[in-house]
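Here is the structure we will look at.
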Amino acid sequence: MRIITNWAGFFSNFLRYIAWTLCHGNEKIIFHFVDTPGNHPIPSITKEILEKENIWNVIFEQPEYTLNDLFGNNCECNFPTEYPSPLDKINNGYICCDASIYSHEHFQRIREIYYGETQKLILTPYIKEYINKNSTMLLYPEKTIAVFIRYPLHYRDKNDKIYDMISEVEDLMHKYDLEYIYLVTMVDEYVQLFINKFKNKVIFFGNKRLTTINKDWLDDMKDYKQECIDCFSEVYVASKCKYAVGSSSNMLLGCLFLNPKMEFKIFDTTANSHGL
């Protein structure tokens, strides 16, 4: 049995879990995903860590295990370094927050490989109901573009290019005959700018938490478990849309792996900007 634990935000963990299943598919893999201060990696399972709620079990079904199976074991905190082709051709398989991955010659094949692993994940009855409850605004996914925008400091060039992004979204809507925008952002100012421009064509995931332009998802976060539930659910719904546009982001990457047939584009203004 192989045990893995926390590493940064939800989709960082989601992609890392899939990486472990790709590399060690014949092993029983248990993810003990809990709320820890600063979301730091956990090197081993202590009694304190063991007693925390496993957030992964809220979202996904896992193989059967007991807490005694985990106690005292060392954990896999980082990404594995060996991948099946073509992932082994790309920086030892580490593809998170790398802007170049989206234009890589093997990217479509990588999407298909990751998609195959996501299909092995079984959603819990709770998360299925939660997603259905909060996705009622997405009535016409085939006419909707999913737009992923993080706050400016998410990109290493640290420039706010929101007006260029809005113009590009408008162009894409005309080009692909799309009518609605499923907006994936936490920045309240960006939300207002999109509503001012596109009015009632802008739709959201139902349980939406917003921050100001200078804050990321970690700032003012009161409930890490809820944040993870909403992050996965929002992206899962986004993957049902016709088209996606965004910048280098594990959330966008997760969306494209959940639906390898989804057409997408990286914003021109952040095409070379790596996510943090």
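Would you check which residues across region 21-44 are part of a loop (DSSP other than H, G, I, E, B) and either under 10 Å from R2 (Cα atoms) or hydroxyl-bearing (S, T, Y) (or both) and list them?
Passing the criteria: H24, E27, K28, T36.
Quick one: which of P37, P84 is without any contact (Cβ under 8 Å) to a residue 40 or more places away in the chain and in the same structural domain as R109 (by TED's automatic domain parsing)?
Only one candidate passes the filter, namely P37.
I'd like to check which helices (runs of 4 or more DSSP H) are fully inside region 186-276 and have at least 1 residues that are more than 13 Å from Y151 (Cα to Cα), at pLDDT 95 or above and basic (K, R).
Output list reads 188-198.
Mind listing whichever residues of region 53-64 are exposed (fewer than 15 other Cβ atoms within 10 Å of the Cβ) and over 17 Å from Y130 (Cβ atoms)?
Result: P63, E64.
I'd like to check something: does region 62-74 contain any residue that is farther than 25 Å from F33 by Cα, outside the structural domain of L253 (by TED's automatic domain parsing) and part of a helix (DSSP H, G or I)?
no
Any residue in region 1-30 that is within 11 Å of C96 (Cβ to Cβ) sitting within a Cβ distance under 8 Å of a residue that is basic (K, R) and buried (at least 19 other Cβ atoms within 10 Å of the Cβ)? List the pairs, counting only those 6 or more apart or interchain.
W7/R16
Looking at K133, K161, K128, K120, which one is free of Cβ contacts under 8 Å to residues at least 12 places away in the same chain and farther than 21 Å from K199 by Cβ?
Only one candidate qualifies: K128.
The values are calculated or read from the model by the stated rules, or taken from the named source; none is laboratory data. As the structure is a computational prediction, the values presented were derived from the model and not from experiment. Note: ideal-geometry Cβ built from the backbone for every residue, glycine included; neighbour counts use all protein chains shown.
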